[in-house]
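Data block below; observations after.
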Amino acid sequence: MSPILDIDNVSKTFGGLHALSDVNLKVEEGETHAIIGPNGAGKSTLLNCCIGRLEPDTGSVTFNGRNMVGMEPWDINHAGMVRVFQTPEIFPDLNLLENVMIPALAKRDGTFRFNPFRSLARETEIRDRAMSALADVSLDRFWNHHAGSISRGDKRRLELAMGLVQEPKLLLLDEPTAGMARLDTNRTIDLLKQIKESGMTKVIIEHDMHVVFSLADRISVLAQGRIIASGTPDEIRNSPKVKEAYLGESEDE
Amino acid sequence: MSLKNNLVVMLLFSAIVLSAPWWLAPIGANYPDLLQKFAIFGLFAIGFNILFGLTGYLSFGHAAFLGVGSYTAVWSFKLLTMNVIPAVILGTLVSGVFALLIGWLSLRRSGIYFSILTLAFAQMSYSLAYSVLTPITNGETGLQLSQQDPRVLDAMAGIVPTEGLPTTNLFGMPMSGYSGFYFCAVLLIIGFWVTLKIFRSPYGLKLTAIKSNTMRMKYTGFNTRPYLLSAFVISGMFAGLAGSLMAVTDPLAGAERMQWTASGEVVLMTILGGAGTLIGPLLGVGIIKYFENIFSALNDSALRAAYDFLPAGLADFLTTVTSPFVGEGWHLTLGLLFMLVVIFLPGGVMQGISLISRFLRRRLGMAGESGGAS
């Protein structure tokens, strides 16, 4: 079976800095693939190259059989690859329900649909879907609160709901639990485990090893723009290369 | 009975607009000229609000569409018929096409660059109307009617003016005085219904989401350009409709209608009333047009008469101090008013109203049910 996401020889430089050098990564359908690595290793750059925020200098990103390089972000979204950002990207002026209705509408309406005379009040299906996504992240009680006014942890869970409501083929999560209290972190892990059972493919960037080892089927380690190891959690745990990359870093700190 | 119900809103709105000649009488604002202005600028502002209020894109060039609407309407009077229906329809459509062109070019940029581009295009239209386009616009004199105009449709119907200039009409009903106001009022009601539908549609929600976080919209799967362009064209068509109505009530068109000050005025009205709210822009129009009417009519002798009851020295002093703010200087008053609103009520008059109603509700201990208009 061919991988759902195939990152092939991707390089990206900023000025003289090699953010990514010849990165190769394959994500199989249905798996939860964690990308770990020290700060500045290029994890977020890699995700940005996948969703069209950055264009890689060389190499290709093949998703579901199509090369995503050079595609518009909205087309990548409709191809089924959806990203949840590291710093919460929400609609601060709308309420929570509307925040989730927007991606639900995107799923239904495509990149553009001109329906100025359709009543929003009659969009019960979209509303119900958004509400149940909010319930999944336990935010349904606050549906009519302004998204700009909720806590950072809640914003992250809101954004997760915004990603989930689109039922993507591949969900890219950029540190989904950063900035969350321990209780919320555990709740998010449980939620992500549930999604895993639904068969949705996920790529997770994460610092928190507790999260990584409780969720990941496979782990890739990124250091200085290169994949230095890739394998099952056990293989990674015992890899001398990984220990070196991590321990080297922690001695510096 | 809730303001969430469109029918309730429309009935209420229609009643208020159609009864305006009656309830505006006590403040002396019930004469047709001013009422027409309220309705025409009301259409201009609610249309502008679809672009600025919903998407946050601030156009400084909407006067261009106002001008195009006026010119088109006058041409329709000259070439086709003095009936206002074709004039209004053509004015709206031609402005729409013009807005499509300017919007398509301007929307390549956002923020201040977008505003500057629209301003530049409007000023270009203004200059062109004075120079190269003189055959169409009649330059400084302005486009006027003449008895010899072909008026093809009227001629076919056998309507030939005998003496003087023909007047605009709706199937024979003259479009001056109160009938002119009611024609504008009906179009305002229709225009308001369109904005109400847009505000409460998924399309409208997406426009507000673009204002809130454009980048997020793109990664959520929306191509934001066509959304912005369609909103731009709709608001341009509203401006064109307003422009053609100006020609309906007074059938001549001049380039000054396209000047940037006219674009600035609609921005002021929208912000003053409350951008992004349904009726805020209309309140802004009402306030500005009403006070313009009062303040610009005042002069030194009227001021002196008002201060008559005071001792002579004090009256002289007050006259000297306040006279720069009235008459020609009315814009000084407007500037002050605008500054006060932007500093203390950035949400405009609508924010003031919601603050007061929240305060009163708390005072009266009315918890729970809140049926505020969105």
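Below, the figures for the structure above:
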quantity	calculated
Of the chymotrypsin sites (Phe, Trp or Tyr not before Pro) in region A:112-185, those whose Cβ has at most 11 other Cβ within 10 Å and which sit in DSSP loop	none
Filtered trypsin sites (Lys or Arg not before Pro), region B:92-170: DSSP coil and at most 16 other beta carbons within 10 Å	B:108, B:109
Antiparallel content of DSSP bridges confined to chain A, in %, to 5	55
Cα shape, region B:249-370, gyration tensor, a/c 1.5 rule	oblate
Within 10 Å of each Cβ in A:39-47, the average number of Cβ atoms from other chains	0
Accessible surface of chain B [probe 1.4 Å, protein heavy atoms]: carbon and sulfur percent	70
Cα-based reach from residue A:12 at 20 Å (exclusive), listing lysines while leaving out same-chain residues under 8 positions away	A:26, A:43
Mean ellipticity per residue at 222 nm, deg cm²/dmol - from DSSP H runs of n ≥ 4 across chain B, formula -39500 (n - 2.57)	-21500 deg cm²/dmol
14 Å cut-off, amide nitrogen to a point 7 angstrom out along residue A:193 Cα→Cβ, residues in region A:206-228	A:210-217
Partners for residue A:196 among lysines (Cα-Cα distance below 16 Å; same-chain residues under 8 apart left out)	A:169
Normalised convex hull volume, region B:275-326, alpha-carbon set, Å³ per residue	86
Efficiency of FRET from Cβ geometry, residue B:140 and residue B:299, R₀ 30 Å, rounded to 0.05	0.60
Centre separation in Å (Cα based) which lies between region B:149-201 and region A:208-235	72
Solvent-accessible area of residue B:31 with every protein chain in place, 1.4 Å probe, in Å² to the nearest 10	90
Total formal charge among the other residues, if their Cβ is under 13 angstrom from that of residue B:50, Lys/Arg +1 and Asp/Glu -1	+4
Stokes-Einstein D for region A:91-166, Kirkwood Rh over Cα pairs, 37 °C, 0.692 mPa s (µm²/s)	264
Förster radius 35 Å - calculated FRET efficiency between residue B:340 and residue B:30 (Cβ-Cβ, nearest 0.05)	0.80
Ranked by how many other beta carbons lie within 10 Å on average, peptides A:213-224, A:22-33, A:229-240 from highest	A:213-224, A:22-33, A:229-240
Chain B: relative contact order in percent, alpha carbon pairs under 8 Å with at least 6 residues between	28
Peptide B:206-216 - average C-beta neighbours from other chains (10 Å radius)	6
Efficiency of FRET from Cβ geometry, residue B:7 and residue B:124, R₀ 45 Å, rounded to 0.05	0.55
Largest-first principal axis extents of the Cα set of the protein assembly as shown (Å)	100, 61, 48
Heavy atoms of residue B:354: accessible area, 1.4 Å probe, square angstrom to 10	50
Residue-averaged 222 nm ellipticity for chain A, from DSSP H runs of 4+ at -39500 (n - 2.57), nearest 500	-11500 deg cm²/dmol
Among beta bridges that DSSP assigns inside the protein assembly as shown, antiparallel share in %, nearest 5	55
Label-point separation, residue B:148 to residue A:17 (7 Å along Cα→Cβ), nm	7.5
Inter-chain shielding of B:223-231 (mean C-beta neighbours from other protein chains, 10 Å cut-off)	3
Table column - 3J(HN,Hα) (Hz), region A:153-170, Karplus curve with 6.51, -1.76, 1.60, x for Gly and Pro	x, 5, 4, 5, 5, 4, 5, 4, 4, 4, x, 5, 5, 7, 6, x, 6, 9
Summed side-chain charge close to residue B:66 - residues other than residue B:66 whose Cβ falls under 12 Å, Lys, Arg +1, Asp, Glu -1	-1
Computed over region A:11-157: relative contact order in percent, which uses C-alpha pairs under 8 Å that are six or more apart	19
Qualifying lysines (Cα of each under 26 Å from Cα of residue B:289; at least 8 residues distant if same chain)	B:37
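The values are calculated or read from the model by the stated rules, or taken from the named source; none is laboratory data. Predicted model only: the values in this text are computed from it and were never measured. Note that each Cβ is placed from the backbone with ideal geometry, even for glycine, and that neighbours are counted across all protein chains shown. Accessible surface is based on the protein model in full, side chains and every heavy atom, while ligands, DNA and RNA are left aside. Shrake-Rupley method; radii C 1.70, N 1.55, O 1.52, S 1.80 Å.
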